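Presented below is the structure to which this report refers.
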Amino acid sequence: IGYIGDMRTTQSAVDDIHVVHYPRSPAAEAFRSLRTNLEFTNVDKALIKILVTSPGPGEGKTTVSTNLATIIAQGGKRVLLIDADLRKPRIHSIFGVSNRVGLTTLFRGQIPLKSVMRQVEGTDGLYILTSGKLPPNPSELLASAKMDHILYEASREVEVIILDSPPSLVADFQVLAAKVDGVFLVIQPSSTHANMALSTLDRLSRVNAKILGIVLNKIPSGN
């Protein structure tokens, strides 16, 4: 459902919010195409909660999540990007905000979602919910009824929710996949092992997740 080119702006650095800094680039256009493709994957039911995962680390799922959430917001929708990676979160560092409060804060008492979600300056309609302090039991928190309530509360505040999950090396992604309207995998050609990708798809099917498709990421220019 998507082909994202290499977003390195120097020899080694990737611009994590590429669509903001380089709105006319081929990669930004690829994210607009991905946004359109997602709209057509589920025409009978609106895609509100979308999970982004990958078979392994380093394949660019967080960068894809960030740019997709941004490009959807630029299209005129209210979007919440949730850092549901409660093991190695990155959303707070990408946007340069504190991670003292966030998703895990909501599990500790009757705290309203609106008090911890942050609006992103410069992008109307884009909000982020960082991970918060890392818990000792991520899978149990994400599997809880409280997480269901958080997602329900979020769906009343915004039109689209993008969840950035851990890779499939841990069970968290399966727990989340069962709670959302659709899941897509970020895969890096020539880097992702086929067996890992197939295993991830199999594990998603076991929880009856709706698999939206595959996004090929970090495709070298000219390919």
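The values are calculated or read from the model by the stated rules, or taken from the named source; none is laboratory data. Predicted, not measured: the structure shown is a model, and the values here were computed from it. Cβ atoms come from the backbone with ideal geometry, glycine included; neighbour counts cover every protein chain shown. We work out accessible area using only protein heavy atoms, side chains counted, and drop any ligands, DNA or RNA first. Shrake-Rupley method; radii C 1.70, N 1.55, O 1.52, S 1.80 Å.
Whole percent per 5 Å bin, from 0 to the bin with the longest distance: what is P(r) over all C-alpha pairs of the chain?
Histogram of Cα-Cα distances, whole percents per bin: 1, 7, 16, 21, 22, 17, 11, 4, 1, 0, 0.
Over the chain, what is the percentage of antiparallel beta bridges among all DSSP beta bridges, to the nearest 5? Write down the numbers at each step before the final one.
On the way: 3 of 28 bridges.
Roughly 10 percent of the DSSP beta bridges within the chain come out antiparallel.
Per residue, how much accessible area does the chain show when a 1.4 Å probe rolls over the protein heavy atoms, in square angstrom?
With the other protein chains kept in place, the chain gives 47 Å² per residue.
Ordering Asp148, Asp44, Asp83 by accessible area with a probe of 1.4 Å, largest first, what comes out?
Details: Asp148 70, Asp44 150, Asp83 0 Å².
Order by accessible area, largest first: Asp44, Asp148, Asp83.
Could you tell me the distance between the Cα centroids of segment 135-205 and segment 67-92, to the nearest Å?
14 Å
Ordering Lys146, Lys45 from largest to smallest accessible area (1.4 angstrom probe), what's the sequence? Before the final figure, lay out the partial values.
Numbers: Lys146 55, Lys45 120 Å².
Largest to smallest exposure gives the sequence Lys45, Lys146.
Sequence gap of 8 or more, or different chains, plus Cα separation below 17 Å: how many lysine pairs satisfy both in segment 1-118?
4
Considering only protein heavy atoms and a probe of 1.4 Å, how much of the accessible area of segment 82-141 is carbon and sulfur, as a whole percent? Walk me through the numbers before you get to the answer.
Details: 1470 of 3020 Å².
Carbon-and-sulfur percentage of accessible area, whole number: 49.
So if each residue of separation counts as 0.36 nm, and I subtract the Cα-Cα distance between Phe40 and Ser199, what length gain in nm does that give?
Separation in residues times 0.36 nm, less the Cα-Cα distance, equals 54.6 nm.
What is the log10 of I(q)/I(0) for segment 168-218, computed with the Debye formula using one identical point scatterer on each Cα and no solvent, at q = 0.25 Å⁻¹?
For segment 168-218, the Cα-only Debye profile gives -0.99.
Roughly how many Å² of Leu204 are accessible to a 1.4 Å probe, to the nearest 10?
0 Å²
Work out, in µm²/s and without decimals, the Stokes-Einstein translational diffusion coefficient of segment 121-201 at 10 °C, 1.306 mPa s, Rh from Kirkwood over C-alpha pairs.
Stokes-Einstein gives a translational diffusion coefficient of 108 µm²/s.
In a shell of Cβ-Cβ distance under 9 Å around Gln174, excluding Gln174 itself, what net charge do Lys and Arg (+1) and Asp and Glu (-1) give?
Residues near Gln174 contribute +1 overall.
Bin width 10 Å, alpha-carbon pairs only: give the P(r) of segment 1-131 as whole percents, running from 0 to the bin holding the largest distance.
In whole percents, the pair-distance histogram is 11, 42, 36, 10, 1.
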